[in-house]
1. Tell me yes or no: at least one residue of segment 287-302 is surrounded by fewer than 17 Cβ atoms within 10 Å (Cβ to Cβ) and under 20 Å from the mean Cα position of the chain (by Cα).
2. Would you please list the contacts, defined by Cβ atoms under 8 Å and residues six or more apart or on different chains, that run from a residue in segment 10-31 that is basic (Lys, Arg) to a residue that is not in a loop (DSSP other than H, G, I, E, B)?
3. Pairs under 8 Å by beta carbon, first residue free of Cβ contacts under 8 Å to residues at least 24 places away in the same chain in segment 192-218, partner in a loop (DSSP other than H, G, I, E, B) and of a type in the set (Asp, Glu), six or more apart or different chains?
4. May I ask you to list the residues in segment 259-285 that are of a type in the set (Ser, Thr, Tyr), part of a loop (DSSP other than H, G, I, E, B) and modelled with pLDDT of 90 or more?
5. If residue 82 passes every condition in (1) loosely packed, with under 15 Cβ neighbours inside 10 Å; (2) touching a residue at least 40 places away in the same chain (Cβ under 8 Å); (3) of a type in the set (Gly, Ala, Ser) but one, which one does it miss?
6. Sort out which residues of segment 134-180 are aliphatic (A, V, I, L, M), surrounded by 20 or more Cβ atoms within 10 Å (Cβ to Cβ) and closer than 16 Å to residue 213 by Cα, and write them in order of number.
7. Quick one: in segment 132-158, of everything that is touching a strand residue (DSSP E or B) at 6+ places or on another chain (Cβ under 8 Å) and not in a loop (DSSP other than H, G, I, E, B), which residue is nearest to residue 273 (Cα to Cα)?
8. What's the number of the only condition in (1) touching a Leu at 6+ places or on another chain (Cβ under 7 Å); (2) modelled with pLDDT of 95 or more; (3) under 30 Å from residue 273 (Cα atoms) that residue 129 fails to meet?
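The values are calculated or read from the model by the stated rules, or taken from the named source; none is laboratory data. Keep in mind it's a predicted model, so treat the numbers as computed, not measured. Note that each Cβ is placed from the backbone with ideal geometry, even for glycine, and that neighbours are counted across all protein chains shown.
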Amino acid sequence: MIYEVVCLLPFTTSARNIRYPKYEEWNFEVQQAIGTRNSISLNYVGNHGYDLSAENLGLNAYCDPTVCAPSLGATSFVGLPSAPPDARFSTITEVGNYGVSNYNGLTASFTRRVSNSFQLQGSFTWSHALDDISNGGFLPFSLATNTSILTPQDPYNLKRYNYGNADYDVRKQANLTYLYHTPKLNNLLLDTLLDWTISGRLFVRSGLPFTAIDGASTGALNGFNYGDTLFANANVGPVSCSGSNVFNNFATTNPCMNSTQFTTPIDASGVASFGNQRRNQIYGPNYFDTDITVMKNFRFPHWEGAELQIGAQAFNVLNHPNFDQPVGDIANPQFGFINRTVATPTSIFGAFLGADASPRALQIRAQLRF
C-alpha cells in the first residue's frame, strides 16, 4: 500500500516594480510678538506619502462552500474564490509599494518669558493622519491590547477597507512646559537658602484609534491560505471609548463596546463577507500626564558658572491612571472591556524594559553643572 502525502509550502514574492517610498511635505507658519515677553505662532503642516511598503498575505486565499463556509457558520463567502488561485502553494505573500498616507495638522503655540527666572510655553495641535498601513508596513505601532493591522482585509483591494485613520492619529494634543528659577537677592545667605529651580510639563491628548476584528473567523480563514485580518461588522457609527465611561468599564461592568454594535460579518441569509467598517474607526481613552522636578542649587564660591543641583523628580506626579484601548476582538469574552493601563512617555524605567511605569514614580537626582 502506498500513501501519498502532499505538503503545500508558503511562498513569498515581491511586486514586479519595487520603488522607494516617497513623501511630499509643506508647511506655512505665522509668528507674532506681543510686547517684549510674549509671542504666538500658528503653523500648518501637511504631507503626502506614496509608494509606501505593505505586505499582502491573502493572494492565495479561498473559501469553499463545503468546508470553509461551515467553519465560519455561513453558507458561502463573498469576496474570496471557492478554490485556491494556485493549488501548488498554501499562503502566498506579496511585498509591494501600494500604500499611501496623508497628514494635515495645525499647531498654535504661545510663549511667555516673564523674566530670566520664569518661562512658560504651551501649544495645541489639531491634526488628522490617514493611511493604508502605518509604521512602514512591517512593524506594528501597537503591541498592547490591540495589535496594529498590517495587512489588507480584502487581498484584492487594499484601499477599500484599509484606508482610514493612521495608528498614531491623535486628533487633539496639548502641551505645557514651565520653568521657574528663584531670582537672585544679592545676599549670600539668602541666595544660598532660596536658590531653587522648579520645572515641569503637562501633556494631554485624545485617544489612539483601533479596529474591531473578528478573531474567530480570521482563525478559520487562516486555514484556507488567508493570512490577513477579518474586520467585524459595524452596526453603529464611530465609537469613542473616552470620558467617564472609561473608569466604569475598567473592571467588569459597562463595557465600552458590546455585541450589538459589532458583529460577525454574516448577513441574515448566512452569507459571510469582509467586515463593513474601515480600519481604525474606534478611538481609545484620552491620555493625561504631568511631571515635575524640584532642584536645590548650591553655587561654588570663586567658581563662576558652577553649581551643584540636588532634588527630586516625579513622573506622573498626580498618580493619574491612563487606560489602554478596550479589547477589540469580538470573539474574545472581554470584548469592549479595558483590562490594562498604559505607561507614561517619560519614566525612570525607560520605554522598553517591561516595567510598569504607569503609577507615580519618584527619584532623587543630583548633578554638577559647570
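1. Yes; the residues of segment 287-302 include at least one that is surrounded by fewer than 17 Cβ atoms within 10 Å (Cβ to Cβ) and under 20 Å from the mean Cα position of the chain (by Cα).
2. Between residues of segment 10-31 that are basic (Lys, Arg) and residues that are not in a loop (DSSP other than H, G, I, E, B), the close pairs are 19/51; 19/97; 22/49; 22/50; 22/51.
3. 218/228
4. 264, 269, 273
5. (2)
6. 149, 150
7. 158
8. The failed condition is (1).
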